[in-house]
Amino acid sequence: MTTNTVMKPEVAAFFEKDTSTFSYVVKDPESSNCAIVDSVMNFDYASGSTFYKSADDIIEYVTAHKLTVEWLIETHVHADHLSAAPYLKEKLGGKIGIGEQISIVQDTFAKVFNEGQEFKHDGSQFDHLFKDGEQFYIGKMPCTAMHTPGHTPACFTHVLGDAVFVGDTLFMPDAGTARADFPGGDAGTLYDSIQKILALPEDYRIYMCHDYCPNGRELEYQTDIKTQRDHNIHVKQDINKATFVHLRESRDKTLAMPRLILPSLQVNMRAGHLPNPEENGLSYLKIPLNAFT
């Protein structure tokens, strides 16, 4: 596939301010079919309340444009926001997909949260498990799933036409790259994964999952391969693997855990479902003490 023949999807971005998360509706340019990437279920930690304003904004857009949802794509098990994929599937249809290495993440965090025997570690909570290099379609548009671990073992980058959805692997060039100190993360592996992304054609568009507006600049969510190659502060062309690993590991030692990591992991490793209700009809999230110290 070359840059002069690749299809260019229509991409609509939706920003959830509380977690600085971007979700996307990605439409095949030759049909009404679309995918939703990295949706957000709103969560108020203080009250334990879940709600769906962000997902409802996406539903309103999809409905207004008369789109058909084929895929609900999770780039990885997010540690900073809760997924709304099951809610969107109920309202709009589509298959919830994540990388097949989700089983590794589930195995790791099932231990942390002391999940019972009923919790499966095989990814069966999801409708589809992507394999590295897998080809799939949104309508008539060819797409590719690329395994890009390092931030987590199950991180995937999805190349949807000329639009590249990197999850947390890359940030805008002035913000660099994802952390690599979560269980199963590795800075050297992250570097190698990013090189796979940067080997894509230089005019491919890259879409961020987060932007934290470093140095007070305006919010941004789109860049391209060439700009990342030339200007990303962590992985631009004159930075080698050893330098990156030292930089990434040193920086990770200074970072606090994400505010919503404990609720997010419990929900997202279940494909966005809350834990099963207990006998009083309520679902509960666990707070394991000193699990990440």
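The values are calculated or read from the model by the stated rules, or taken from the named source; none is laboratory data. Note that the coordinates shown come from a computational prediction; the quantities given were computed from them, not determined experimentally. Note that we place each Cβ from the backbone using ideal geometry, even for glycine, and neighbour counts take in every protein chain shown. The protein model used for the area step is the full one, side chains on, heavy atoms only, and it has no ligands, DNA or RNA in it. Shrake-Rupley method; radii C 1.70, N 1.55, O 1.52, S 1.80 Å.
Observations on the structure shown:
- Criterion: in a loop (DSSP other than H, G, I, E, B), at pLDDT below 95 and out of contact with any His (no Cβ under 8 Å at 6 or more places or on another chain) - qualifying residue of Pro183, Pro149: Pro183
- When each of Val69, Val62, Val77 is tested for being part of a loop (DSSP other than H, G, I, E, B), of a type in the set (Val, Ile, Thr), modelled with pLDDT of 95 or more and crowded, with 20+ Cβ neighbours inside 10 Å, the lone residue that passes is Val77.
- Residue ID - nearest to Val77 (Cα to Cα), chosen from residues in the range 181-203 that are open to solvent by less than 10 Å² (accessible area, probe 1.4 Å) and of a type in the set (A, V, I, L, M, F, W, C): Leu190
- Enumeration of residues in the range 172-204 that are touching a residue at least 60 places away in the same chain (Cβ under 8 Å) and of a type in the set (Phe, Trp, Tyr): Phe182, Tyr204
- Within the range 231-247, being free of Cβ contacts under 8 Å to residues at least 12 places away in the same chain and not in a loop (DSSP other than H, G, I, E, B) holds for Ala242, Thr243, His246.
- For the range 156-173, the criterion of being of a type in the set (Gly, Ala, Ser), crowded, with 23+ Cβ neighbours inside 10 Å, in contact with a helix residue (DSSP H, G or I) (Cβ under 9 Å, 6 or more places away or on another chain) and assigned to a loop (DSSP other than H, G, I, E, B) is met by none of the residues.
- Boolean, Thr243 is polar (S, T, N, Q), loosely packed, with under 14 Cβ neighbours inside 10 Å, at pLDDT 95 or above and more than 29 Å from Val6 (Cβ to Cβ): yes
- Scanning the range 135-149 for residues that are open to solvent by 30 Å² or more (accessible area, probe 1.4 Å), touching a residue at least 40 places away in the same chain (Cβ under 8 Å) and more than 16 Å from Val11 (Cα to Cα) gives a single hit, His147.
- Answer residue from the range 158-189, given it is in contact with a Ser or Thr (Cβ under 8 Å, 6 or more places away or on another chain) and among the acidic types (Asp, Glu) and is farthest from Cys213 (Cα to Cα) among those: Asp162
- Filter result (in a helix (DSSP H, G or I), open to solvent by 30 Å² or more (accessible area, probe 1.4 Å) and of a type outside the set (Gly, Ala, Ser)) within the range 91-106: Lys91, Leu92, Ile104
- When the range 7-44 is filtered for residues that are buried (at least 17 other Cβ atoms within 10 Å of the Cβ) and not in a strand (DSSP E or B), the ones remaining, listed by number, are Met7, Pro9, Thr19, Asp28, Asp38, Ser39, Val40.
- Of all residues in the range 14-39, those satisfying the criterion of being under 18 Å from Gly97 (Cα atoms) and hydrophobic (A, V, I, L, M, F, W, C) are Phe22, Val25, Val26, Cys34, Ala35, Ile36, Val37.
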